[in-house]
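Take a look at the structure set out below.
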Amino acid sequence: SPQTMGRSWTAGRVRFIQTDQWTVRDDPDLVAEPRTFLGSVQKQWFKDTLLAAEEPIIIWFCQWTAQNHANGRWNSFNAETTELEKCLDTHPSVKERLILVGGDSHQLQADSGRRTRAQGSRFNGVPSLNVSGFNRSSTGANGGNWDIAEGDLRISTDPESAWGAYSRLTFNDDGTNLDMLWEAVRVNSLGQTDVMASWRRITGTVLIDSTPAIAQYFRPDQARIQPLSIEIPE
């Protein structure tokens, strides 16, 4: 994206898209709706990049969690967020492959996409995997809409700067099956790490009427594999 730090790259059959939601955004305290957090140029670049992606997995580094916060996040830009949601709903073959890996959670918040707008979330149907930040860890996990995991990073008596966390993504691709593993890695006050939660998506190839197709599966509990979608490439 020419005006921002938005960028996209591929590694094998995985597409990564990182949007810059800070550099050119309107100040929600000064500008009335419709406001923008992406800017018109980056927004068009983002849409074009999504619709042109042919990879079976698309990772969107979206900087925020999927919660519908209004403190300068999604709900401060309701018109533009709704526009992006409608774009994905209009292109289900893109939406099925999209995974949000966000930040700004200050704790562990991860779900498989089952949350709803009525529950206070955006981009319903898209997995949202969040654990952050490096040295800012809150307490007060309240059992929200996160069906994979939700939890505090630190002991409440410790300073927030003593604990941190990050997302770790691992991909194994044998040419037929593409296996993605997300792990929420916590770092304690001694620099020791442990994995708080994990989630896996497996994408395979099948034949339908002799035509190669992408069959996606997702495993939220590491024990059960459920068919998610079948898409015949154009």
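The values are calculated or read from the model by the stated rules, or taken from the named source; none is laboratory data. Treat the numbers as computed from the prediction; the structure is a model and nothing was measured. A quick note on method: Cβ atoms are made from the backbone with ideal geometry, for glycine too, and the neighbour counts reach across all protein chains shown. Just so you know, the surface numbers come from the protein's heavy atoms only, side chains and all, with ligands and any DNA or RNA stripped out. Shrake-Rupley method; radii C 1.70, N 1.55, O 1.52, S 1.80 Å.
Listed values, structure above:
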read-out: Under Karplus coefficients 6.51, -1.76 and 1.60, residue-wise ³J(HN,Hα) of the stretch 49-66 in Hz, glycine/proline x; value: 5, 4, 6, 8, 5, 10, 6, x, 10, 10, 9, 9, 7, 9, 6, 10, 6, 7
read-out: Assigned charges on the beta-carbon of Lys, Arg, Asp, Glu; the chain dipole about Cα centre (debye); value: 140 debye
read-out: Per-residue HN-Hα couplings for the stretch 111-126 [Karplus 6.51, -1.76, 1.60; θ = phi - 60°; Hz; x = Gly/Pro]; value: 8, 8, x, 7, 5, 10, 4, 4, 8, x, 10, 10, 6, 4, x, 10
read-out: Accessible surface, 1.4 Å probe, highest first, among residues LEU100, LEU51, LEU169; value: LEU51, LEU169, LEU100
read-out: FRET E, pair PHE61, ASP158, Förster distance 41 Å, beta-carbon r, rounded to 0.05; value: 0.90
read-out: Nearest-0.05 FRET efficiency for ARG7 and THR205, computed from C-beta distance (R0 25 Å); value: 0.30
read-out: Total formal charge among the other residues, if their Cβ is under 15 angstrom from that of THR82, Lys/Arg +1 and Asp/Glu -1; value: +3
read-out: Vicinal HN-Hα couplings computed from phi for the stretch 178-194 (Karplus, 6.51 cos²θ - 1.76 cosθ + 1.60; Hz; Gly/Pro x); value: 10, 10, 10, 10, 9, 10, 8, 9, 9, 10, 8, 5, 9, x, 7, 10, 8
read-out: Virtual spin-label span in nm between ALA32 and HIS91, 7 Å along Cα→Cβ; value: 3.2 nm
read-out: By accessible area with a 1.4 Å probe, ligands and nucleic acids excluded, highest first: order of ASP27, ASP179; value: ASP27, ASP179
read-out: Cβ-Cβ FRET estimate between THR170 and LEU51, R0 fixed at 35 Å, reported to 0.05; value: 0.80
read-out: Solvent exposure ordering (accessible area, 1.4 Å, most first) of MET5, MET196; value: MET5, MET196
read-out: 14 Å beta-carbon shell around ASP48, net charge (K/R +1, D/E -1); value: +3
read-out: Helix-derived mean residue ellipticity, 222 nm - over the chain, DSSP H n ≥ 4, -39500 (n - 2.57), to 500; value: -4000 deg cm²/dmol
